[in-house]
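Structure first, commentary second.
The values are calculated or read from the model by the stated rules, or taken from the named source; none is laboratory data. Everything numeric here is computed off the predicted structure, so don't read it as measured data. Positions of Cβ are backbone-derived with ideal geometry, glycine not excepted, and every protein chain shown enters the neighbour counts.
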Amino acid sequence: MSVPKRFHEGSILIPDPWSDDTLTVLKAPDHEGHNLVISREPLPTGVDVLTHLDAQRFVIASTLTEFSESGRQTLTIHGQVCILLEYSWRSPEGAMFQANLMRSVGDTMVSFTFTSARPFTAHQRREIMAILASFTPAPEMEVSARP
């Protein structure tokens, strides 16, 4: 059974140039062996979202040791076309397998990164897809301040 999880519990006033670069870490039960990290960062002003996604993929590929992309899939998440990347790399702890989807929400890039120390099973892939498909952006966040 799935339960809704809202990411932000409330609000605070912060100075205008500050940004929300927070992380939300959601862990599957230990025997499942994977987790989901939701991160957010401001989109650069005037940058096309798909161009930014390509640039982020390049950063991921160039900074992770032994990076190997094993899959790329186009998805529509709550009305927006997104790219889901699946890849592996070697961390100091050993092999890491990740599935990453980035989606803009207003002026923020929200990244959903699933991580496992083992290749994802068919069950885990179905679970990942169900979680991603369930994403519903907060209506007030979808409105972009960009022209």
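Answer with yes or no whether Pro147 is over 15 Å from Leu53 (Cα atoms) and modelled with pLDDT under 90.
On the way: over 15 Å from Leu53 (Cα atoms): yes; modelled with pLDDT under 90: yes.
In short, yes.
Any residue in segment 34-61 that is more than 13 Å from Asn100 (Cβ to Cβ) and in contact (Cβ under 8 Å) with a residue 60 or more places away in the chain sitting within a Cβ distance under 8 Å of a residue that is of a type in the set (Lys, Arg) and in a loop (DSSP other than H, G, I, E, B)? List the pairs, counting only those 6 or more apart or interchain.
Close Cβ pairs satisfying both conditions: Leu43/Arg146; Thr45/Arg146; Gly46/Arg146.
Within segment 90-100, track down each residue that is in a strand (DSSP E or B) and either free of Cβ contacts under 8 Å to residues at least 12 places away in the same chain or surrounded by 15 or more Cβ atoms within 10 Å (Cβ to Cβ) (or both).
First, pick out the residues of segment 90-100 that are in a strand (DSSP E or B): 90-91, 94-100.
Within segment 90-100, Met96, Phe97, Gln98, Ala99, Asn100 qualify.
Here are some residues: Arg125, Arg103, Arg118. Which one is among the basic types (Lys, Arg) and part of a strand (DSSP E or B)? Full working, then the answer.
Details: Arg125 fails: part of a strand (DSSP E or B); Arg118 fails: part of a strand (DSSP E or B).
When all the criteria are applied, what remains is Arg103.
Condition check ((1) farther than 25 Å from Trp18 by Cβ; (2) modelled with pLDDT of 95 or more; (3) surrounded by fewer than 12 Cβ atoms within 10 Å (Cβ to Cβ)) across all residues:
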| position | (1), (2), (3) |
| --- | --- |
| Arg72 | yes, no, yes |
| His78 | yes, no, no |
| Ile83 | yes, no, no |
| Val105 | no, no, no |
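Do you know which residues across segment 28-40 are surrounded by 13 or more Cβ atoms within 10 Å (Cβ to Cβ) and out of contact with any helix residue (DSSP H, G or I) (no Cβ under 9 Å at 6 or more places or on another chain)? Break it down into steps so the answer makes sense when it comes.
As a first pass, look at segment 28-40 and keep what is surrounded by 13 or more Cβ atoms within 10 Å (Cβ to Cβ): 28, 32-40.
Asn35, Val37, Ile38, Ser39, Arg40, listed by residue number.
Which residue, of Asp20, Asp30, is touching a residue at least 24 places away in the same chain (Cβ under 8 Å) and over 16 Å from Leu101 (Cα atoms)?
Going through Asp20, Asp30 in turn, the sole match is Asp20.
Looking at segment 129-143 only, could you name the residues that are out of contact with any Lys or Arg (no Cβ under 9 Å at 6 or more places or on another chain) and either assigned to a loop (DSSP other than H, G, I, E, B) or farther than 16 Å from Ser39 by Cβ (or both)?
Scanning segment 129-143 gives Met129, Ala130, Ala133, Ser134, Thr136, Pro139, Glu140, Glu142, Val143.
Conditions: (1) in a helix (DSSP H, G or I); (2) under 16 Å from Ala133 (Cα atoms). Val59 meets all but one. Number of the miss?
It is condition (2) that Val59 fails.
So Gln56 fits all but one of (1) within 19 Å of Thr136 (Cα to Cα); (2) surrounded by 12 or more Cβ atoms within 10 Å (Cβ to Cβ); (3) modelled with pLDDT under 90; what number is the exception?
Failed condition: (1).
Quickly run through segment 110-144 and pick out the residues that are in contact with a Pro (Cβ under 9 Å, 6 or more places away or on another chain) and modelled with pLDDT of 90 or more. Walk me through it before giving the result.
Here is the first cut: in segment 110-144, the ones in contact with a Pro (Cβ under 9 Å, 6 or more places away or on another chain) are 110, 134, 136.
Within segment 110-144, Val110, Ser134 qualify.
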